[in-house]
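Chemist: Questions regarding the structure given below will be posed in turn.
Derivation of every value follows stated rules applied to the coordinates shown; laboratory data play no part. This is a predicted model, so every value here is computed, not measured. Positions of Cβ are generated from backbone atoms using ideal geometry, with glycine treated the same way; all protein chains shown enter the neighbour counts.
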Amino acid sequence: MPLFNQKVSPGLSITDDTDILHFLNPDNSDKYVDARTALKNSDIYSIVFQLSADLANGKLKADAPRAQGILNNPTQTSNAHAFWQSMFAQLLLGGECFAYRWRNQNGTDMTWEYLRPSQVTPFLLEDGSGLIYNINFDEPEVGVMEAVPQSDLIHIRLLSQNGGKTGISPLSALANELQIKDKSNKLTLSALGRSIIAPGILSIKHGGLLSDEDKASRSRKFMKQTSKSENGPIVIDDLEEYTPLEVKSNVAQLLNQVSWTGAQIAKVYGVSDSIINGQGDQQSSIQMMGNAYVKSLARYAKAVTGELNNKLNANINLDLRSAIDPLGDSYAATISNLRKNGTLAANQAAWLLKESNYFPEEMPEASTPSVPISTSKDDKSAEGGDNDDED
């Protein structure tokens with residue numbers, strides 16, 4: 001049994017250049033953006049939620065029954081949609097996501113367990129033939145598993161700098177933007193907290209130097225007079241003058257001065273800023289923005305299917321039609337145009353619409369259409385009957 005008695009080497013640590021830079025320059029450690037902190041930003045939360053939800057709304061289709069079964073029901077602790085959205089959200093935040101494959105003695109997947117990046121430490125084998133992982137499970141009965149082969153782990157990565165071994169978090173490109181956003185928010189809150197809110201100024205003329213108590217007393221009496229007037233005119237004597245204050249836009253400018261950060265965040269994730277309730281490109285049509293968003297989803301889908309095809313030994317595709325066209329109207333319109341152009345026959349178009357669940361399967365077959373009645377003048381049957389009787 002030499003195959004099962006192999007001595008596994010501890011492996012080589014996989015480090016990034018940024019780790020060395022942070023070690024040599026601790027003051028630059030603030031370049032790291034925590035995912036939990038990033039989700040407190042409304043723009044990042046909106047983009048991550050929409051992208052992960054749309055990817056989870058897609059259908060993972062495999063040409064192998066066993067692979068399709070584990071894709072449809074990957075975990076026992078939650079439903080399939082919640083599991084995949086959690087995986088995709090972690091992929092968008094950290095640049096990589098993990099799931100451990102619990103398999104039986106025959107190597108068949110029974111269930112998958114989602115793992116946080118902090119639970120997994122990857123290593124490179126000394127001969128460079130593959131990766132191994134040290135995993136710290138939350139379950140006390142399992143504990144720590146060392147030298148886990150890469151075949152037992154689903155490891156989806158985005159952009160990488162080490163040949164695809166690990167992924168880079170998109171949040172690393174937003175460190176400066178989030179710092180500016182945070183300092184701007186603190187400045188705005190400070191300006192709002194120190195601002196003086198008053199409806200106007202009541203000036204007392206020829207009254208000499210009044211004490212603070214006299215000024216506060218006259219202010220309370222004036223407000224009492226205002227409330228009792230029931231929105232009527234205010235009567236003051238010649239010794240007083242009331243000037244209402246105008247609302248200025250200084251605070252509004254503080255609130256809007258860093259609106260560009262939303263566009264920067266959208267740019268990093270490869271989507272239009274219109275999906276985070278921004279203005280977007282005013283000259284782009286809805287169809288153009290939809291096509292650009294589909295291309296963005298396809299980029300992330302390829303990273304997912306590439307890992308699943310490798311680990312499950314199956315041909316897996318992520319069908320995004322249900323995510324980008326939930327009602328199926330655009331798909332039905334395309335099929336209708338192909339039918340009109342003669343590319344598809346009527347029965348083929350009806351079959352495609354039934355396969356996409358746009359038409360119910362119990363829909364009855366179309367009856368033979370009746371011959372239309374001709375309305376030409378030569379057809380006397382279409383004209384009214386002539387009265388041949390003569391008086």
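Chemist: Can you work out the Karplus-derived ³J(HN,Hα) for every residue in the range 261-275? Use 6.51 cos²θ - 1.76 cosθ + 1.60 with θ = phi - 60°, whole Hz, and x for glycine or proline.
Modeler: 5, x, 5, 5, 5, 5, 5, 5, 8, x, 10, 7, 5, 5, 6
Chemist: So if R0 is 35 Å, what FRET efficiency would GLU355 and TYR45 give, r being the distance between their Cβ atoms, rounded to the nearest 0.05?
Modeler: Numbers: r = 36 Å, r/R0 = 1.03.
FRET efficiency, GLU355 to TYR45: 0.45.
Chemist: Could you give me the ³J(HN,Hα) list for the range 334-348, computed from phi with Karplus coefficients 6.51, -1.76, 1.60 and θ = phi - 60°, whole Hz, x at Gly and Pro?
Modeler: Result, rounded to whole Hz: 5, 4, 5, 5, 5, 5, 5, 6, x, 5, 10, 7, 5, 5, 5.
Chemist: Beyond 16 Å, what share of the Cα-Cα pairs of the range 89-138 remains, rounded to the nearest whole percent?
Modeler: Distances greater than 16 Å cover 54 percent of the Cα pairs.
Chemist: At 0.36 nm per residue, minus the direct Cα-Cα distance, what do ARG299 and LYS186 gain on full extension? Give it in nm, one decimal, please. Mind showing how you got there, number by number?
Modeler: Values: separation 113, 0.36 × 113 = 40.68 nm, distance 3.60 nm.
Contour length minus Cα-Cα distance gives 37.1 nm.
Chemist: Here's another thing I want to ask about it. Using modelled backbone amide H atoms (1.01 Å from N, in-plane), which distant-in-sequence or interchain residues come within less than 5 Å of TYR269's amide H?
Modeler: none
Chemist: What residues qualify as long-range amide H neighbours of GLU240, i.e. H under 5 Å apart, gap of 5 or more or another chain, H built at 1.01 Å from N?
Modeler: LYS205
Chemist: Can you work out the Karplus-derived ³J(HN,Hα) for every residue in the range 88-101? Use 6.51 cos²θ - 1.76 cosθ + 1.60 with θ = phi - 60°, whole Hz, and x for glycine or proline.
Modeler: These are the phi-based 3J(HN,Hα) values: 5, 5, 5, 5, 6, 7, x, x, 7, 9, 10, 8, 8, 9 Hz.
Chemist: Also, quick follow-up: Once you order the gyration tensor axes a ≥ b ≥ c over the Cα atoms, which shape class does the range 35-134 get: rounded for a/c under 1.5, otherwise prolate or oblate by comparing a/b with b/c?
Modeler: Cα axes put the range 35-134 in the oblate bin.
Chemist: Could you compute the net charge surrounding PRO326? Neighbours are other residues with a C-beta less than 15 Å from the C-beta of PRO326; K and R count +1, D and E count -1.
Modeler: Counting the neighbours of PRO326, the net charge comes to -2.
Chemist: If you take the square roots of the eigenvalues of the alpha-carbon gyration tensor of the range 117-183 and sort them as a ≥ b ≥ c, do you get rounded (a/c under 1.5), prolate (a/b over b/c) or oblate?
Modeler: oblate
Chemist: While we're on this one: Expected output is a single nm value to one decimal: the length gained when fully extending between ALA82 and LEU338, i.e. 0.36 nm times separation in residues minus the C-alpha distance. What is it?
Modeler: Difference between extended and current length: 88.5 nm.
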